[in-house]
1. I'd like the full set of residues that are exposed (fewer than 12 other Cβ atoms within 10 Å of the Cβ) and in a helix (DSSP H, G or I), limited to region B:68-79.
2. Taking the stated definitions as given, is A:E332 assigned to a helix (DSSP H, G or I), farther than 25 Å from B:R421 by Cβ and open to solvent by 50 Å² or more (accessible area, probe 1.4 Å)?
3. What number of residues in region B:86-138 are at positive phi and modelled with pLDDT of 95 or more?
4. If I ask for residues that are part of a loop (DSSP other than H, G, I, E, B) and over 17 Å from A:C138 (Cβ atoms), which ones from region A:182-203 would you list?
5. When you check B:R100 against the structure, is it basic (K, R) and in contact with a strand residue (DSSP E or B) (Cβ under 6 Å, 6 or more places away or on another chain), yes or no?
6. Being of a type in the set (K, R), without any contact (Cβ under 8 Å) to a residue 40 or more places away in the chain and within 29 Å of A:R111 (Cβ to Cβ) is the requirement here; does B:R301 meet it?
7. Hey, any hits in region A:31-39 for a residue that's exposed (fewer than 14 other Cβ atoms within 10 Å of the Cβ), within 22 Å of A:A387 (Cα to Cα) and more than 14 Å from chain B (Cβ to nearest Cβ)?
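The values are calculated or read from the model by the stated rules, or taken from the named source; none is laboratory data. In this text, all values refer to a predicted model and were calculated from it rather than measured experimentally. Neighbour counts run over all protein chains shown; Cβ positions are idealised from the backbone, glycine included. Areas reflect the complete protein model, heavy atoms only, side chains present, ligands, DNA and RNA absent. Shrake-Rupley method; radii C 1.70, N 1.55, O 1.52, S 1.80 Å.
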Number of protein chains: 2
Amino acid sequence: MNISSEIQALCKRARTAGHDLARHDGPTINRALGYMADYLQAQKGDIQAANARDLDAAQAEGLTGAKLQRLNLDDRVFGQMVEGIHQVIELPYPVGEVLREWSRPNGLHLRKMRVPIGVIGIIYESRPNVTVDASVLCLKTNNTVVLRGGSEAFHSNQALCEALRAGAVKAGLPEDAVQLLPTTDRAAITALCHQDKYLDLIIPRGGEGLIRTVTAEARMPVLKHFDGICHVYLHREADPAMAESIVLNAKCQKPGVCNAAETLLVDRDAAPELLPRLAKALAAAGVELRGDAEAVSLLERAGLEASPASEDDWKAEYLDLILAVKIVGDVEEAIAHIHRYGSAHTDVIVTANIAVAEEFLQRVDSAAVMWNASSRFHDGFAFGFGAEIGISTDKLHARGPMGLEELTSYKYLVSGQGQVRE
Amino acid sequence: MNISSEIQALCKRARTAGHDLARHDGPTINRALGYMADYLQAQKGDIQAANARDLDAAQAEGLTGAKLQRLNLDDRVFGQMVEGIHQVIELPYPVGEVLREWSRPNGLHLRKMRVPIGVIGIIYESRPNVTVDASVLCLKTNNTVVLRGGSEAFHSNQALCEALRAGAVKAGLPEDAVQLLPTTDRAAITALCHQDKYLDLIIPRGGEGLIRTVTAEARMPVLKHFDGICHVYLHREADPAMAESIVLNAKCQKPGVCNAAETLLVDRDAAPELLPRLAKALAAAGVELRGDAEAVSLLERAGLEASPASEDDWKAEYLDLILAVKIVGDVEEAIAHIHRYGSAHTDVIVTANIAVAEEFLQRVDSAAVMWNASSRFHDGFAFGFGAEIGISTDKLHARGPMGLEELTSYKYLVSGQGQVRE
């Protein structure tokens, strides 16, 4: 069998399993998740042995540092992964919820009910614990999953997947509720993207290249977790201490993530007071500043350093200790800059002026718009969703943090007494 | 300029217009829609002259009958089109609605607010009134639209689009809130499908070929309005008169639409009573039956006619006076058949048994599942949405009738007092 028909057969099994899985209730699902945690714990030795194989191969291929570390299923990561399952078990079960219920003048009674999406494909890179984290969220909402992990983590993912499947079976769920592609061949991604008959959704989690491939090839809906070119805008009425605290947190607390700040916009009227203060604090935190001409000259007059920003800097997702800085005239110019260069992920205003804040919150077209808070709060845990599969940068279906509810669809249940259409 | 860069420039204008359009409130939008209706009425002569040009060309190319009629903007269609705008003006304005509002233990306050999707591309065939119907629904929800109509209706669409743009401008909205592609070249569809930077959504309305092209090429979300292989299942406890009335209505009231029935499933226990009665009524309505071996032999014994169904008949969307008929053992077999061959659009059970009905409603994975009612009720008007842009066969974002709410997205507005992440 060639890759394409092998993957088609696998996806077809996922669809069949999906119709079976949809019949099971919340308690059964939670029991299955509990068994999965048990099997992971029981098979920890085998899983870590498989992981050691992957780590050896990665080292032999020259992988080092953070990249190698991400692959490592050490006791700490393993423990968090299992603990994560127990947290998901505790979350409310959303499937079957009646979202709306109404009657029509002709006597038809309608219910709009939350249902599983169906079959979800997840394509991810490197970190093997995603195999468990993502599967568990999909299963909690009665979705079957087809996983395609990174080639470096192939043996780890296989071992993890076996434990998940054993847990499903023990609770009476179909074994094929969780499946891992049998190959990490790149052609398998394309083949998966063409299974729109059997897959309802693909979620790509990874670098820009992966996301572009999936977006171009997929014939089913895709929910992207793309880049965050996030802005912090300091309005002239920003409290200086709050401005400093928020900018430092948004830039430095975890610079490698999508909700970290990449560009600072400062009102011209407040820049002489705010900018030198901020530049000192940021320099102390090891942040390199790249300013427009006005910002650079202002900082130079204050005896501080900043390199000149190019057009590319306004479009950059540094994911590093670098911050682009631009002086703007007012909130209008700030919003125009954000709409022109931003990625509509997370944008922040710092101001004591309620009217200006509300104008910014209403008008900036981003998944999360924040007032006097760090952009780092944009995630499913901080929002109170209990878990997240990622932060969607799309505007359809799910925008921002994707928790359990965002992993569901709905259908209409219509009850009549023999009504026909005139 | 080549087609691709021309369309890119057009979509970029749509994005800019979208940020402007998002600032206008419900009353302004409604005023604009009113002006659009006025301009259409005032320019009716020009529009019908343009339409006559299209009709002449279509006739010269040999178009006749229903296909030619669909192109015709006669006084009746024109009147309905203008009246449709006034109906949309009367609908509640959904943008800005706070869907959920809550606070977190750290004092952050969150609002989940309904916002426009942004820029919507609509690709449709033939009927020029879609230019107005679809634009008006998108504009009511502050979305800008990029239209690509059929080549046969090009001059009509241009004239209609001019009136819509004039109405927008008179109310102070951006002219580019509505744009029509300047060419109906097929390459323009591909170019449009690649503008994921400027287009948030594409809605293809048309035949299977168009939908397959858009699905394969699009890099942004697509909401398909695809086929309806709809089933009516007659359970052994179906009331015979109700069964006859529903089957006739579902099949014959408007056979060319997606929510018409295509396959009849009949419980073995009830078939000897139900099937001959139904076959007579359907034959009188001019319906051809294609049955499985058991159904054919049962009907033959009753002196009635049915041709044998092939495997293809279970997958057929006839859109015509043809009905496939299959005998099943029970609700279990009916559901299995629907999941195997159906298109998850609309499926109906007729029964007096509440428990069986609820089992069917819960388990059939279709956009609308109905009990004792005709499948023809599956649309936005019958559901009480006031309008619809179509019936989505996708499970993501919108499933079933797409009314105004389904043309919106949401964003999170987060207010703090200086909170930063630990």
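1. Applying the first criterion (exposed (fewer than 12 other Cβ atoms within 10 Å of the Cβ)) to region B:68-79 yields B:74-76.
Residues satisfying the conditions are B:D75, B:R76.
2. Answer is yes for this residue.
3. Residues of region B:86-138 that are at positive phi, as a first pass: B:96, B:107, B:118, B:126.
In the following step, the residues that additionally are modelled with pLDDT of 95 or more were identified as B:96, B:107, B:118.
Selection size over region B:86-138: 3.
4. A:P182, A:T183, A:T184, A:D185, A:H194, A:D196, A:K197 - these are the residues of region A:182-203 that are part of a loop (DSSP other than H, G, I, E, B) and over 17 Å from A:C138 (Cβ atoms).
5. yes
6. Judged against the criteria, B:R301 is not a match.
7. No, region A:31-39 contains no residue that is exposed (fewer than 14 other Cβ atoms within 10 Å of the Cβ), within 22 Å of A:A387 (Cα to Cα) and more than 14 Å from chain B (Cβ to nearest Cβ).
Rundown of residues vs (1) touching a His at 6+ places or on another chain (Cβ under 9 Å); (2) at pLDDT 95 or above; (3) open to solvent by less than 60 Å² (accessible area, probe 1.4 Å), yes/no style:
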residue	(1), (2), (3)
B:V232	no, yes, yes
B:P240	no, yes, yes
B:E244	no, yes, yes
B:C258	yes, no, yes
B:A261	yes, yes, yes
B:R277	no, yes, no
B:A281	no, yes, yes
B:E288	no, yes, no
B:A295	no, yes, yes
